[in-house]
Amino acid sequence: MSVSRRRFLTWMGGASLGTAVGQKAYAASNKAFTGYPDSMGVLHDTTLCVGCRRCEEACNKVNDLPAPDVPFKDESVLNQERRTTAEAYTVVNKYADASQPAGVTFRKLQCNHCKEPACASACFVKAFKKTPEGAVVYDASVCVGCRYCMVACPFNIPAYEYEKVLDPKVMKCTMCYPRIKEGKLPGCVEACPVEALTFGKREDLIKIARERIFKYPEKYVDHIYGEYEMGGTNWLYITSTPFAQIGMREDLGTTSAPELTAGALGAVPIVVGLWPVLLTGIWAMTKRKEKISAVEKQQAVNEAVAKAEAEAGEKMAKAMEKAKKDQEAAVKKEVKKALEAAEKAKEEGADEKEEDV
Amino acid sequence: MSDQNVVAKKSFFPPDRSLYTPLNVVCGVILLVGLLLTVMRFTGGLAAVTNLDDNYPWGLWIGFDLMAGVALAAGGYTTSAACYIFGMKRFHSAVRPAILTGFLGYALVVLSLNYDVGRPWRLPYPFIVQRGTTSLLFEVAACVALYLTVLFLEYCPAALEWLGLRKLRNALVKVTMVLTIFGVVLSTLHQSSLGALFLIAPSKLHPLWYSTYIPVYFFISSIIAGLSMVIFEGTLSHKYLHEKMDETYIAEHDGLVIGFAKGASFVMAGYVIIKVIGIAVDNQWHLLATPYGLWYLVELLGFVALPCYLYAVGARDKNLKLIQWTSVIAVLGIILNRLNVCLIAFNWYLPWEKKYIPHWGEVGLTVFMLTIGVLIFKFISTKQPIFYEHPDYKGHH
């Protein structure tokens, strides 16, 4: 095969070193990543949103997305809860809330541009990048299409072009990164007629949000969604309707995605380092046990043979002795017999002589 | 050699039987449908043959073909580790069938990934263009790629004996230990990482299945899957490939089944314990009384605790039939677990009408992959020394 052991080891080493000294090593240290300084974001104030869908329209135009099935002027689509798709990077949803003047609250949905994005952490080919400007951008030129980013995203944002054959892409809001680079506002922010969207430095946006909540405590829920959720996002939300009622999960926690996987990744080099030692050790012990048991077996066999031999020797000696004795006895008996016969013959001879006399 | 080939051919296509047996016809239809689906997938995109959507980017091909497939192909590393590392030499005749199954399993996993990812020709990109080392999927990909190579090398001696390439075969057999240890290291890593893939999504996977221990759960359950699959396949092979088996294999088989049942029962008991610990650690007892909780109990009690008990009884009574049926339950349990994590308990908060149900094309392609696997296994094991020792290499390992 083409893979030599040396190369294999190099790869293993590379893989484990990569995880050991990769950029996420700080996850286990006491340094915390607090986000790029001066990164930009958008504050969405749902109390100002009127559900006009101008943001959707602007987004569609700026990003050259296909024309929608229902025109943007038609507000009937708001009656069903929608999510982002490959044709719509942003959607506005309508939620009933009797406490509101209009009886409804509108909430805009798009990529939240996490400070430490799950998609970027999950991508095995680094197709996603968190830019210092705040946008999370995607490079379709390396994307394999595994869609793990979609599994990882806690906000269910990335969408996929399932019907494309040769060049399917993951589709999601870019915070209009190219426009930001040119000094322009994101399309949706520019189009909003009621300033429900505010573009600015994330730090400033948090101050603005705090100020609004502070000024109108009876109006706003005392929480800036995105300040800490999943490690914090660059898109922030304030609202007068509880977040759970406008389709925003409040159980996401504040742990960023990379921290969730740091432990498992950290275990990799340890397994690579220790498993071979442990397994070779077990193998060596088994081998040794086998060897010892073989030696012991041999010894036992030898002993048994020796014992048997000794026993046999003894038996033989005894038998020999017995045979000798028997022989001796037999000889004695024969001699005795012969002597007796001789004696008898002698006596008979004497008798005959006497008779002859 | 040529005589042997003739014999092999004869048993593969018995001349006294027509090619159009019911089984062959079914296989043929499956292969044709598979080819049709292949054409549809690569001309119409994923949308043409799958029900994947933006909420369910992973479907049956990941949940079953990858997640369950990799777990069920764990027989290779468990058997070779038992035999070579833990010194259970009496399982030696089971190593080759297990390695072959593992190799084919992984090869098919990779083949089916080529259907699932959007741009399969870019699958080497994570290694040659940009390495996303912060991703657990990178670890999975690296380990699966390396382990497929290791399995190929472990399988090779059988093919080389068949081809008569003695030198190469002997060189490979010499590094058996090294390959086995690499195999166990790589399997530990990627079996666990398949579970660790979900660590990043605590808000999407139901809390009963989500746990920081999920990598451990996946690794331990892969051992159960490996042992059970060896038993299950042994049963099937005995039925359909009996004439290919030598005396050693047949003599060792019953002992192997009982030994593996004992091992699996033991590991399953440990698995149940760590699953319960997981619930206790996250204090999720109250969720057991919900519909998802009941489903969780079905999985844990019905498909782990029950086969654990049945394996133990079977091993004690040396009841091979019971053990063999239990292996079916255990294998189904692993499949159920992987489908639960990847599909059923994933996006658990979504209303039913938004949940994913596989397209017939996804099911068809999965069946296609399984069929290819079985056919190639049968083909190789009828021609090559898998269930028997090659006469030239008897006792030479």
Next on the checklist: Considering only residues that are assigned to a helix (DSSP H, G or I) and of a type in the set (S, T, N, Q), which ones fall in segment B:37-70?
Outcome noted: B:T38, B:T43
Checklist entry - Counting just the residues of segment A:129-158 that are outside any loop (DSSP other than H, G, I, E, B), out of contact with any Lys or Arg (no Cβ under 7 Å at 6 or more places or on another chain) and without any contact (Cβ under 8 Å) to a residue 60 or more places away in the chain, which one comes out surrounded by the fewest Cβ atoms within 10 Å (Cβ to Cβ)? => result A:K129
Checklist outcome for this item: Only one of B:I224, B:I200 is hydrophobic (A, V, I, L, M, F, W, C) and either more than 14 Å from chain A (Cβ to nearest Cβ) or over 30 Å from B:N55 (Cβ atoms) (or both), namely B:I224
Next on the checklist: Considering only segment B:91-113, I want to know if a residue exists there that is surrounded by fewer than 23 Cβ atoms within 10 Å (Cβ to Cβ) and not in a helix (DSSP H, G or I).
Outcome noted: no
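Every residue, every condition in (1) closer than 30 Å to A:A122 by Cα; (2) part of a helix (DSSP H, G or I); (3) touching a His at 6+ places or on another chain (Cβ under 7 Å), yes or no:
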site: B:W121; (1), (2), (3): yes, yes, no
site: B:V140; (1), (2), (3): yes, yes, yes
site: B:V144; (1), (2), (3): yes, yes, yes
site: B:Y147; (1), (2), (3): yes, yes, yes
site: B:R169; (1), (2), (3): no, yes, no
site: B:I181; (1), (2), (3): yes, yes, no
site: B:L186; (1), (2), (3): yes, yes, no
site: B:L197; (1), (2), (3): yes, yes, no
Next on the checklist: Being away from chain B (no Cβ under 14 Å), β-branched (V, I, T) and within 38 Å of the chain's Cα centre (by Cα) is true for just one of A:I213, A:I208, A:I157, A:I180. Which residue is that?
Outcome noted: A:I180
Next on the checklist: One residue is enough: does segment A:159-167 have a residue meeting the conditions of a type in the set (V, I, T) and surrounded by fewer than 21 Cβ atoms within 10 Å (Cβ to Cβ)?
Outcome noted: yes
Checklist entry - Among the residues of segment A:29-45, is any within 23 Å of A:T131 (Cβ to Cβ), within 27 Å of the chain's Cα centre (by Cα), crowded, with 18+ Cβ neighbours inside 10 Å and modelled with pLDDT under 95? => result yes
Checklist entry - Does B:G195 qualify as being modelled with pLDDT of 95 or more and more than 14 Å from every other protein chain (Cβ to nearest Cβ)? => result no
Item to check | Candidates B:E154, B:E161, filtered to the one that is crowded, with 23+ Cβ neighbours inside 10 Å, among the acidic types (D, E), in a helix (DSSP H, G or I) and touching a residue at least 60 places away in the same chain (Cβ under 8 Å) | outcome: B:E154
Item to check | Cβ-Cβ under 9 Å pairs, at least 6 apart or on other chains, segment A:272-290 side facing chain B (nearest Cβ under 9 Å) and surrounded by fewer than 16 Cβ atoms within 10 Å (Cβ to Cβ), far side not polar (S, T, N, Q) and not in a helix (DSSP H, G or I) | outcome: A:I282/B:F86; A:I282/B:G87; A:M285/B:G87; A:K287/B:G87; A:K289/B:G87; A:E290/B:G87
Checklist entry - Any idea how many residues of segment A:125-172 are over 22 Å from A:G35 (Cα atoms) and of a type in the set (F, W, Y)? => result 3
Item to check | Near pairs, Cβ below 6 angstrom, 6+ apart or cross-chain, from segment B:168-187 (more than 9 Å from chain A (Cβ to nearest Cβ)) to any residue that is assigned to a helix (DSSP H, G or I) and of a type in the set (F, W, Y) | outcome: B:G183/B:Y77; B:S187/B:Y77
Next on the checklist: Restricting to segment B:251-303, and then to whatever is among the charged types (D, E, K, R) and under 21 Å from the mean Cα position of the chain (by Cα), can you tell me which residue is surrounded by the fewest Cβ atoms within 10 Å (Cβ to Cβ)?
Outcome noted: B:K262
Next on the checklist: So, in segment A:159-180, how many residues would count as being in contact (Cβ under 8 Å) with a residue 12 or more places away in the chain and of a type in the set (D, E)?
Outcome noted: 2
Checklist entry - Is at least one residue of segment B:121-129 away from every other protein chain (no Cβ under 11 Å), of a type in the set (S, T, Y) and crowded, with 20+ Cβ neighbours inside 10 Å? => result no
Checklist entry - Any residue at all in segment A:93-114 that is surrounded by 22 or more Cβ atoms within 10 Å (Cβ to Cβ), assigned to a strand (DSSP E or B) and of a type in the set (S, T, Y)? => result yes
Checklist entry - Quick check: is even one residue across segment B:71-88 of a type in the set (F, W, Y), within 10 Å of chain A (Cβ to nearest Cβ) and surrounded by fewer than 24 Cβ atoms within 10 Å (Cβ to Cβ)? => result yes
Item to check | helices (runs of 4 or more DSSP H) wholly inside segment B:283-339 containing at least 2 residues that are among the charged types (D, E, K, R) | outcome: B:306-317, B:320-339
Checklist entry - Looking at A:K315, A:K219, which is the one that is of a type in the set (K, R) and free of Cβ contacts under 8 Å to residues at least 24 places away in the same chain? => result A:K315
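The values are calculated or read from the model by the stated rules, or taken from the named source; none is laboratory data. Just so you know, these numbers come straight off a predicted model, no measurement behind them. Cβ coordinates were reconstructed from backbone atoms using ideal geometry, including for glycine residues, and neighbour counts include every protein chain displayed.
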